[in-house]
1. Restricting the first residue to the range 349-370 and requiring it to be among the basic types (Lys, Arg), which pairs with a second residue that is within 12 Å of the ligand (Cβ to nearest atom) meet a Cβ separation below 8 Å and a spacing of at least six or different chains?
2. Given the criteria of a type in the set (Asp, Glu), under 28 Å from His308 (Cα atoms) and either at pLDDT 95 or above or in a strand (DSSP E or B) (or both), does Glu410 qualify?
3. Condition test on Ala133, is it assigned to a helix (DSSP H, G or I), at pLDDT 95 or above and surrounded by 24 or more Cβ atoms within 10 Å (Cβ to Cβ)?
4. With touching a Phe, Trp or Tyr at 6+ places or on another chain (Cβ under 7 Å), assigned to a helix (DSSP H, G or I) and within 13 Å of the ligand (Cβ to nearest atom) as the only criterion, which of Ala296, Ala348, Ala326 stands out?
5. Regarding Val313, is this residue over 27 Å from Ala420 (Cα atoms), away from the ligand (no atom under 12 Å from the Cβ), buried (at least 24 other Cβ atoms within 10 Å of the Cβ) and in contact (Cβ under 8 Å) with a residue 12 or more places away in the chain?
6. Return the residues of the range 329-344 that are part of a loop (DSSP other than H, G, I, E, B) and touching a residue at least 24 places away in the same chain (Cβ under 8 Å); say none if nothing qualifies.
7. Please determine whether any residue of the range 220-238 is surrounded by 17 or more Cβ atoms within 10 Å (Cβ to Cβ), basic (Lys, Arg) and within 16 Å of the ligand (Cβ to nearest atom).
8. Return the residue satisfying two criteria in turn: it lies in the range 269-303 and is acidic (Asp, Glu) and in contact (Cβ under 8 Å) with a residue 24 or more places away in the chain, and of such residues it is surrounded by the most Cβ atoms within 10 Å (Cβ to Cβ).
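The values are calculated or read from the model by the stated rules, or taken from the named source; none is laboratory data. Values in this document were obtained by computation on a predicted structure and should not be read as measured data. Glycine gets a Cβ as well: all are built from the backbone with ideal geometry, and neighbour counts include every protein chain shown.
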Amino acid sequence: MEVVHATATPLALVQRVSALIDAGRAGAAGPLLAAARQIVAPSPELSLLAARLAESQGDPGLARAELDVAIEAAPDHAGLWKQRAALCQRLGDFDRAARDAAEAVCLDPADPDAKALLGSAMLSLGRPAEAWACLAEACAAVPTNAAFREALAIATEANGDPEAALGTLMEGLSPKGGALNLRNAAILFCIRHRAFQKAVALAEDGRIAGTVDACLFGLKGHAQSSLGLHTEAADSYAEALKLGPDDPYVRHLVQASGLLPGAKRAPPDYLRTVFDGYADRFDSHLIALGYQIPGAIRRIAMAYLDRHPGRPVLDLGCGTGLVGVAIGDLPVGPLTGVDVSARMLAEAGAKGIYATLEEADVQDWLDAENSQWGLILAGDVVCYFGALEALLRSVRERLAGDGWFVFSVEEHVDGESGWALLRQGRYAHSRDYLEDALGAAGFAVHALRPQVIRHEAGAPVPGFLIVAEPAALVN
Ligand SMILES: C[S@@+](CC[C@H](N)C(=O)[O-])C[C@H]1O[C@@H](n2cnc3c(N)ncnc32)[C@H](O)[C@@H]1O
């Protein structure tokens with residue numbers, strides 16, 4: 001426990017509290033801050049500390065209240081406006097974040113942090129041109145700040161200039177290595193734009209310069225695997241595993257490469273990492289790949305809703321809401337979407353189709369639920385589960401007696417196993433396995449037909465579209 005010495009000066013106390021919060025020792029910082037508040041007059045600095053402490057203790061409401069009061073008392077203190085802007089940005093209150101950051105910029109026009117905060121808030125508000133202007137000024141003031149540069153690259157891409165966005169990231173990289181996060185951002189950028197050769201080259205430069213971490217090797221492996229260089233990818237994943245043995249993203253990709261025994265499903269942390277990073281370009285990318293599942297699900301939903309109009313519909317792994325868009329004009333009851341990725345859900349929310357959106361792992365969510373659904377849909381989601389027994393049992397329990405579960409899978413053709421983890425981190429399932437697992441979970445197969453899921457490298461990805469119903473209904 002921290003002891004307050006009678007001789008401690010107010011400044012020393014405040015510095016100690018700040019150091020304890022930085023060290024993640026909120027429990028020790030609390031009593032010390034309370035002691036400091038007894039002997040030091042209220043000040044913006046103390047309020048900033050109290051807000052930081054409250055947030056680090058998981059109480060953003062209290063942090064916000066501290067800042068509200070402090071801003072009321074000292075409206076000319078730019079630091080208070082900045083901290084409230086950053087807090088509101090983290091809480092998703094982008095409008096307030098933008099207004100507070102703008103106030104901080106007015107009070108201190110030379111402060112690049114305030115401009116960067118304003119730029120980030122503008123980006124979140126979908127105003128990329130203004131975001132770009134703020135972030136460009138912040139980046140020009142501190143060209144070595146990797147976070148400013150990364151945000152500027154995002155704004156540049158949002159303004160429709162991906163080439164310049166990559167250039168912005170590259171400018172921050174020096175031949176001697178440079179910021180690791182920036183390099184990883186540039187590699188990820190290349191992967192997202194399917195520039196796999198360039199991604200590998202950037203990772204290799206980082207390796208030669210000695211600026212590496214598990215993420216860099218994981219991304220390198222991903223890019224190599226996308227180029228069909230599976231042996232090289234396996235080496236990269238092995239390096240990644242050495243540097244980050246517990247990193248869920250790395251472990252899943254390593255499992256996919258065949259270096260570790262196969263996991264039965266993709267871990268939620270991995271899914272969050274992948275889809276949070278993919279959300280803003282998911283729709284355009286999937287359209288470019290000729291993604292066919294929402295349309296196919298629509299045709300089946302029409303047949304169901306013709307007979308059962310107005311039934312509540314559950315969209316598992318709803319992502320950005322493409323399935324919701326496909327069925328939005330049909331006579332559906334309230335539409336509920338569940339997804340593990342907050343950013344995918346934000347995109348779905350912006351479409352205004354879902355009555356309810358829940359951020360959760362679908363297996364956990366189904367197990368905690370007790371309502372019944374007429375239609376349960378899962379477009380391109382079951383491919384993140386290998387073994388389907390638990391998932392199918394949970395879906396069966398939530399499906400109404402006359403309900404349909406409609407889902408797609410990728411087809412597993414060769415091999416004796418019923419399912420396999422593919423190199424890209426998705427699973428594929430065989431027809432026999434699907435039929436057995438559905439039967440064991442209490443489903444009857446209403447339809448199981450071949451379905452092209454999307455196109456990759458110009459070739460169709462084969463799969464199945466399945467309509468399953470409770471077994472008791474089948475004569
Ligand atoms: C390929 S996208 C498909 C999105 C949407 N269903 C569609 O057809 O456009 C897969 C989505 O499923 C989500 N997902 C995958 N596994 C999940 C899980 N176990 N729990 C919740 N969401 C999951 C991902 O976050 C992602 O948004």
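1. Within 8 Å, the pairs are Lys351/Thr320; Lys351/Gly321; Lys351/Gly324; Lys351/Val325.
2. Taking the combined requirement at face value, the residue does not satisfy it.
3. Taking the combined requirement at face value, the residue does not satisfy it.
4. The unique qualifying residue is Ala348.
5. So Val313 passes the test.
6. Leu330, Pro331, Val332, Gly333, Val340, Ser341
7. Within the range 220-238, not a single residue is surrounded by 17 or more Cβ atoms within 10 Å (Cβ to Cβ), basic (Lys, Arg) and within 16 Å of the ligand (Cβ to nearest atom).
8. Asp280
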